[in-house]
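Heads up: the structure comes next, in structure tokens.
The values are calculated or read from the model by the stated rules, or taken from the named source; none is laboratory data. Small disclaimer: the values here were computed from a predicted structure and weren't measured. We place every Cβ from the backbone using ideal geometry, glycine too, and count neighbours over all the protein chains shown. Accessible surface areas use protein heavy atoms only, side chains included; no ligands, DNA or RNA. Shrake-Rupley method; radii C 1.70, N 1.55, O 1.52, S 1.80 Å.
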Amino acid sequence: MSILILGSGQLARMMALASYPLGLQVRAVDVNTLEVVDPISKIVSEQTLTQAIDSAVAISVEFEHIPQDLLEKVNASGKLKPSIEAIMAGADRVKEKRLLSGLDIANCPYQVITHVEQLDAAVELLGEKLIIKASRDGYDGYGQWRLSATSELPALKAQLSSLDLVKVPLVVEKMLHFERELSLVGVRDGKGKVAYYPLAENLHHQGQLSVSVAPAPYVDEKLAEQAKTIFNKLAEELDYVGVLAVEFFQLGEQLLVNEIAPRVHNSGHWTMQGADTCQFENHIRAIAGLPLGSTEVTSPTAMINIVGCNDFSKELLSVAGTHLHWYDKTVRPKRKMGHLNICADSYAGLGEKLQSLTAYLPAQHFPLLEKEANRLVCV
């Protein structure tokens, strides 16, 4: 039995590694060349795209920004999971906002604009502190702009004037003073059964995820249930199959959805060592029609992204509970090169291990590590 994944990066690779023990073979599609490749070795298969689609028992995606014609070709097979509607909602912030509003799910106040001159009205309505996001093809801080004061508006409008906002509108959001960022990763099978991982707390640097801690500290039952209710609304509306990630801003006791990701997610990488069944295996189980695995937590875990560097000492593996996942990529700025999962018996123990890791990880590439280590020691 084979699974086909659209996209051939590290998420496809990790899905493949989780599939082989289940007796499933994974092939991936390079969405730029349309070549079918082995997601681990990157060796190009002799199979054509059409043959790979025909032979697969299920087809999924590693990211939502799939070329429209490819997505439609695969959808015609009837094997695409999650649905094309779910993938397109994750790929287009306008569709995503309309989905959230239609389900009465709280999210950031926003306006959609198709001309830079509409920014003035957005400021009038939402205030002068704004985050402006391209509706499509933005990730890891790319395709985003900030407005901190009305005096900056002329320069921002000039910067955005070259964009075709009719083709790719902007979503203008009110900048909120939230307490922290959380995410819920869950999985739903074809029969509607759902399993949830606990909320993870996420710390970002320059718009890119730097550290996740799971289970997130200071989460009561009411907050956890609120997240699950939102997840259920989305999953049921989309008739979802597979892993779905929902990112939140926490404002007091309320969760506001920041965005959704219809796929396995960076903030769920901790599950590879910190949960009974990782998100990658559970995604494959769901789309292949296998029973879902337990999402029970086995230990508090921190996930640290390794971004734009490879100059660190492998001696970090001497810190007990440390696990390295390397993606075999060429180094370039802001590129995710790999990640670390660190497991401990308690948050304080986790903080102590992160403190030990600072000796092996250069501070310029891991700017939040020491601060997070010191915080966890006190939890």
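For this structure, a couple of remarks:
- Put simply, the amide H of GLU35, placed in the peptide plane, has neighbours under 5 Å in ASP30, leaving out anything fewer than 5 places away on its chain.
- Under 24 Å from LYS73, Cα to Cα: lysines that are on another chain or at least 8 residues apart: LYS42, LYS81, LYS95, LYS167
- Relative contact order (percent, whole number), region 1-90, Cα cutoff 8 Å, 6+ residue spacing: 29
- At 1.567 mPa s and 4 °C, Stokes diffusion of region 193-295 via Kirkwood alpha-carbon radius, µm² per second: 91
- For region 79-233, the Stokes-Einstein estimate of translational diffusion at 4 °C and a viscosity of 1.567 mPa s comes to 74 µm²/s, using the Kirkwood hydrodynamic radius over alpha-carbon pairs.
- Among VAL36, VAL211, VAL116: highest mean-square fluctuation, GNM of the chain, C-alpha pairs under 10 Å: VAL116
- Cα→Cβ-extended label distance, 7 Å offset, between ALA76 and LYS174, nm: 4.6
- Extended-chain gain in nm, criterion 0.36 nm per residue less alpha-carbon gap, LYS157 and LEU22: 43.3 nm
- Point-to-point label distance, GLN68-GLN208, nm (Cα→Cβ direction, 7 Å offset): 3.0
- A straight chain from ASP164 to CYS378 at 0.36 nm per residue would run longer than the Cα-Cα distance by 72.1 nm.
- Solvent-accessible area per residue for the chain (1.4 angstrom probe, square angstrom): 43
- Sorting the segments 255-265, 358-368, 149-159 by their residues' average number of neighbouring beta-carbon atoms within 10 angstrom, most packed first, yields 255-265, 358-368, 149-159.
- Phi-based couplings in Hz for region 10-27 (Karplus 6.51, -1.76, 1.60; Gly and Pro marked x): 5, 6, 4, 4, 6, 5, 5, 4, 7, 7, 4, x, 8, x, 10, 9, 10, 10
- Comparing mean-square fluctuations of ASN232, ASN341, ASN282 from a GNM of the chain with C-alpha springs under 10 Å, the top value falls on ASN232.
- Mean separation of Cα contacts under 8 Å, 6 or more apart, over the residue count of the chain: relative contact order %: 13
- Placed amide H near ASN107: partners under 5 Å, 5+ positions off or other chain: VAL257
- P(r), alpha carbons of region 144-251 - 5 Å bins starting at zero, rounded %: 2, 9, 16, 16, 14, 15, 12, 9, 6, 1, 0
- P(r), alpha carbons of the chain - 20 Å bins starting at zero, rounded %: 28, 59, 13
- Check: the chain dipole with +1 on Lys, Arg Cβ and -1 on Asp, Glu Cβ, in debye: 380
- Percent of Cα pairs exceeding the 17 Å cut-off, where the set is region 329-379: 39
- Label point distance in nm, LYS129-GLU352, each placed 7 Å from Cα along Cα→Cβ: 3.9
- When a 1.4 Å probe is rolled over the protein heavy atoms, the share of accessible surface on the chain that falls to carbon and sulfur comes to 50 percent.
- Under 20 Å, Cα to Cα: Lys pairs in region 170-285, sequence gap 8 or more or different chains: 5
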